Amino acid sequence: MSASACIFCQIARIPTTTRLLYQDELVVAFQDINPSAFRHYLVIPIEHIPTVKNLQRGQQHYTLVTHMLNVGKSLLQQDAAQSNEHRFGFHQPPFNSVDHLHLHCLALPFIPW
Ligand SMILES: [Zn+2]
Ligand SMILES: [Zn+2]
């Protein structure tokens, strides 16, 4: 899939109706459209990286992933400080909902089905 057809690239690069919770030159954060917990945010790199498998071993991507985690942590700290459990995770291929690297940031409790 090309970057231009990627929904997350569109959110990151083009003004859309998606409300951004955070943005800087490396990442953007927004709410998951299908939240599964009290707070459920996604942090994505602006650069189109399909999956964790495409991350390079090196300072640049290490810094990027660390930054994504820090952004997620501070958003949950700010919005869900009362939640007793914060969880963070990447999908591992082949379990990718969208082929653009994204960090799920959840503040429990989970929303019951
Ligand atoms: Zn993308
Ligand atoms: Zn996902």
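Note on segment 77-113 and segment 1-44: Cα centroid distance 13 Å, given to the nearest whole angstrom. Helix 59-79 axis versus longest C-alpha principal axis of the chain: approximately 30°, rounded to the nearest ten.
With an 8 Å cut-off on Cα pairs and a minimum separation of 6 or more residues, tell me the relative contact order of segment 3-95 in percent.
On the way: 85 pairs, mean separation 21.2, N = 93.
Relative contact order, segment 3-95: 23 percent.
Local charge for ILE11 was computed over the other residues whose Cβ lies under 15 Å away, with Lys and Arg +1 and Asp and Glu -1, and equals -2. Remark: spin-label model distance GLN60-ARG13 equals 1.6 nm, labels positioned 7 Å along the Cα→Cβ axis. Restricting the trypsin sites (Lys or Arg not before Pro) of segment 35-83 to loop positions (DSSP other than H, G, I, E, B) with no more than 14 neighbouring Cβ atoms within 10 Å leaves ARG57. About its Cα centre, the chain has a charge dipole of approximately 120 debye under the convention of +1 per Lys or Arg Cβ and -1 per Asp or Glu Cβ, with nothing else charged. Neighbours of GLU47, meaning other residues whose beta-carbon lies under 14 angstrom from its beta-carbon, give a summed charge of -2 when Lys and Arg score +1 and Asp and Glu score -1.
Once the Cβ-Cβ distance of LEU69 and ILE111 is raised to the sixth power relative to R0 = 25 Å, the FRET efficiency obtained is 0.65. Between ALA81 and GLU25, what FRET efficiency comes out of the Förster formula 1/(1 + (r/R0)^6) with R0 = 22 Å and r the beta carbon distance, rounded to 0.05? Calculated value: 0.20.
Any read-out appearing in this document is the output of simple, stated calculations on the displayed coordinates, not a laboratory observation. Keep in mind that this is a model prediction, so the values were computed, not measured. Please note: Cβ atoms are built from the backbone with ideal geometry, for glycine as well, and neighbour counts cover all protein chains shown.
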